[in-house]
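Student: One structure coming up, written as structure tokens, with questions to follow.
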Amino acid sequence: MSRFEQQVLAEALEIVKLYPERKSATIPLCHLAQSMDGYLAKDAIEHIAELTGTTSAEVYGTASFYDMIQLRPVGKYVVGVCTNIACMLQGGYELLEEAESTFGAAVGETSSDGLFTVEEVECLATCDRAPCLHVNYRYFGPLNAEGVAKLKEDLVSGHLSNEVPIHGVLSRVKRYAPELIPMDEIDDLRVRDDASKAERAAAQRSGNA
Amino acid sequence: MPKQVGKIVLARRELENSYELDVYLSSGGYEGLRKALSMNPEEVTAQVVESNILGRGGAGFEAGRKWSMLKSATRRYLVVNGDESEPATFKDHFLIENDPNQLVEGTIIAAYAIGASRAFIFLRGEFALGLERVQEAINGAYKIGALGRNIFGSTFSLDVVLHPGAGAYICGEETALLESLEGKRGFPRIKPPYFPAVIGLYGEPTIVNNVETVSNLPWIVANGGGAFKSLGEGRSTGTRIFALSGQVKNPGLYELEMVKTSFRDLIFSEELGGGLREGRTLKAVIPGGVSAPWITPEQIDLPLGQDEVAKAGSMLGSGSIIAMDDSTCMVRAAWRISRFFMRESCGQCTPCREGSSWIEKVMARIEAGSGREEDLDLLMDLCDNIVPGVSWPPAQTTICVLGPSIPSSVAVGIRMFRDEFLTHIKEGGCPFD
Ligand SMILES: Cc1cc2nc3c(=O)[nH]c(=O)nc-3n(C[C@H](O)[C@H](O)[C@H](O)COP(=O)(O)O)c2cc1C
Ligand code: SF4
Ligand code: FES
């Protein structure tokens, strides 16, 4: 797995068009790849390189810098527990232990049923709900042991399938807008705007004189 | 007693479905942009200059002054910084999820004022719901004619593109953010040029502004820069969102007039932080994100103002305040902060890369009870290697200011709580375990 095909390929092509330089689409396309496989598969890296006009090495070099891009297969749900300062003060490390035992995976590992990968993450900007965690980047907190058990139950039973979608944070992000205005058309507009701005400035100077 | 203001950027907080375009439009939404389009771009900039709004991303640079520094060029870009990853900072996350239309309107206003060729909203990749909501808001703006060709019938045309990050604190630093947006690793750029306003995205002049800064613009334009300036005091004008976390009864976001409230009021007053848990006393406060040196309980009458906190030897930074009570182990707190920097250093500069991991290792061993008395001198020496003289504001030996932020909490922790460090060492363990 997995090159982009059909619907996803169409989305990928739309994303590439959003940038004056194709390489900018690298990270969005990595997210898109993760919505197919949960991680960035080798074929996807190659396809992203083709679509962005770069090489696999460049895509890999970029992707491997970022925490959210998974370079090996992960469980259906990635659970990221925050242990940073605000969460730590409210029991973040205790929550991490609880998550490891409840979800059946140590930090960095995936449970034997393939459902859960547990990670220790930095601040999720959800500190008023400390201690907190995310499941596929949907936030839950404050959580205690019971809360974690309930969360697992709801995930397994499919209760939360609407709140916690599949991998890939772009899976529900859809742009509905006209085609972008071509850059050279914008360039012409800005040249015109700058000319009128200069005229106004000149008029003001002669008015003041 | 200070009253919570909450009238500008958090004005829609109590509205149901505040993120929906209909709700936005029926509560004054897009009036700021309409007014802006009836003015010249330079008149809009003049209002923002008059408001004197200081950037809300951490550095506190005047937004209007930054715009005026934009180098002239046919192509120039606006990039909104929504990477919010500074520990204990959670205001932009809230604005992004709950008032995305305000963010988009502010983006269009800023783009109009600086004549941006295209605007990018860079959101932290972890903000899954935020990405959905901001894209919806952008879609809505096209639908009502606030984006695309001839916005609201004017001669101004613009596209706004949402861009997701992928998890790296350093991408909040504006030059790293631009590298990331170009599809590269988030390595901060070597300065000079000091400002993206000279060389930014794709080598073109670029303005980078924080989400909260930009979210204030619709109000500033609609009500005038003078109205904004009449709030707050001195250089710290307007209101600002303070993110309160840690061991307080009511952690959360409080939009307050700058300078008019003190740390004490924020933490202890009933309608704000509500004080600490029963029977607890305050031990230390981190006043502006984990890069900021801590302040003592004796200093909490300081007002929440940029220059006021700077004068006291720290910084208001991202406006996030962490209250720590007497149940907190200060060695552990400083260790966790050093661990954060170790994990997030991008690795380009030796003092930052090596310094952060050494400090983390030594802090970890003290916390675990295997520290030695010489470790305190060793830590101070390591701090001195990153920031000569361990001065504040820190001298810079590295490409970006992440490096110089590393010593803050460790050095101040040792200074304020030396005995606690020594107890760990003498007793061979953490007295709080
Ligand atoms: C390590 C580091 C992390 C930063 N993180 C953020 C961030 O998450 N969001 C932000 O707006 N600014 C952040 N900044 C500040 C930006 O570099 C920049 O000053 C800011 O986005 C400018 O916007 P403003 O003038 O509106 O505040 C960070 C700076 C550094 C050095
Ligand atoms: S100071 Fe640290 S984070 Fe900043 S560029 Fe250098 S190594 Fe990277
Ligand atoms: S410290 Fe855990 S969400 Fe901020």
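Student: Which residue, of B:Arg56, B:Arg76, is over 24 Å from A:Met183 (Cα atoms) and either touching a residue at least 24 places away in the same chain (Cβ under 8 Å) or crowded, with 19+ Cβ neighbours inside 10 Å (or both)?
Tutor: Only one candidate qualifies: B:Arg56.
Student: Among the candidates B:Glu97, B:Glu84, which residue alone is touching a His at 6+ places or on another chain (Cβ under 7 Å) and at pLDDT 95 or above? Please lay out each step first, then the result.
Tutor: Working: B:Glu97 fails: touching a His at 6+ places or on another chain (Cβ under 7 Å).
Result: B:Glu84 is the single residue among B:Glu97, B:Glu84 that is touching a His at 6+ places or on another chain (Cβ under 7 Å) and at pLDDT 95 or above.
Student: I'd like the full set of residues that are open to solvent by less than 10 Å² (accessible area, probe 1.4 Å) and away from ligand 1 (no atom under 16 Å from the Cβ), limited to the range B:157-185.
Tutor: Once the filter is applied, which keeps residues that are open to solvent by less than 10 Å² (accessible area, probe 1.4 Å) and away from ligand 1 (no atom under 16 Å from the Cβ), the range B:157-185 yields B:Ser157, B:Leu158, B:Asp159, B:Val160, B:Val161, B:Gly183.
Student: Looking only at the range B:236-251, count every residue that is of a type outside the set (A, V, I, L, M, F, W, C) and in contact with a helix residue (DSSP H, G or I) (Cβ under 6 Å, 6 or more places away or on another chain) and tell me the total.
Tutor: 7
Student: Now, a different point. If a residue has to be in contact with an Asp or Glu (Cβ under 8 Å, 6 or more places away or on another chain) and either more than 30 Å from A:Gly38 (Cβ to Cβ) or touching a residue at least 12 places away in the same chain (Cβ under 8 Å) (or both) to count, how many in the range A:171-185 make the cut?
Tutor: Final tally of qualifying residues: 3.
Student: Which residue out of A:Ser35, A:Ser112 is without any contact (Cβ under 8 Å) to a residue 12 or more places away in the chain and either more than 16 Å from ligand 2 (Cβ to nearest atom) or under 20 Å from B:Leu123 (Cβ atoms) (or both)?
Tutor: A:Ser112
Student: Among the numbered conditions (1) open to solvent by 50 Å² or more (accessible area, probe 1.4 Å); (2) in a loop (DSSP other than H, G, I, E, B), tell me where A:Ala57 comes up short.
Tutor: (2)
Student: Let me ask another. Anything in the range A:120-149 that is open to solvent by 20 Å² or more (accessible area, probe 1.4 Å), in contact with a helix residue (DSSP H, G or I) (Cβ under 6 Å, 6 or more places away or on another chain) and over 19 Å from A:Glu97 (Cβ atoms)? List them, or say none.
Tutor: Correct list: A:Tyr137 only.
Student: Here's something else I'd like to know. List the pairs whose first member sits in the range A:60-75 and is free of Cβ contacts under 8 Å to residues at least 12 places away in the same chain, whose second member is open to solvent by less than 60 Å² (accessible area, probe 1.4 Å), and whose Cβ atoms are under 7 Å apart, counting only residues at least 6 apart or on separate chains?
Tutor: A:Phe65/B:Ala168; A:Phe65/B:Gly186
Student: Please indicate, with yes or no, whether at least one residue in the range A:75-87 is within 26 Å of B:Pro251 (Cβ to Cβ), in a helix (DSSP H, G or I) and more than 16 Å from ligand 1 (Cβ to nearest atom). Write out each step before concluding.
Tutor: Just the residues of the range A:75-87 that are within 26 Å of B:Pro251 (Cβ to Cβ), to begin with: A:78-87.
With in a helix (DSSP H, G or I) added as a condition, the list becomes A:85-87.
Pick out the ones that are also more than 16 Å from ligand 1 (Cβ to nearest atom) and you get A:87.
Checked against the condition, which is being within 26 Å of B:Pro251 (Cβ to Cβ), in a helix (DSSP H, G or I) and more than 16 Å from ligand 1 (Cβ to nearest atom), the range A:75-87 yields at least one hit.
The values are calculated or read from the model by the stated rules, or taken from the named source; none is laboratory data. In this text, all values refer to a predicted model and were calculated from it rather than measured experimentally. FYI the Cβ positions are ideal-geometry reconstructions off the backbone, even for glycines, and counts take in every protein chain you see. Heads up: the accessible areas ignore ligands, DNA and RNA and are worked out on the full protein's heavy atoms, side chains in. Shrake-Rupley method; radii C 1.70, N 1.55, O 1.52, S 1.80 Å.
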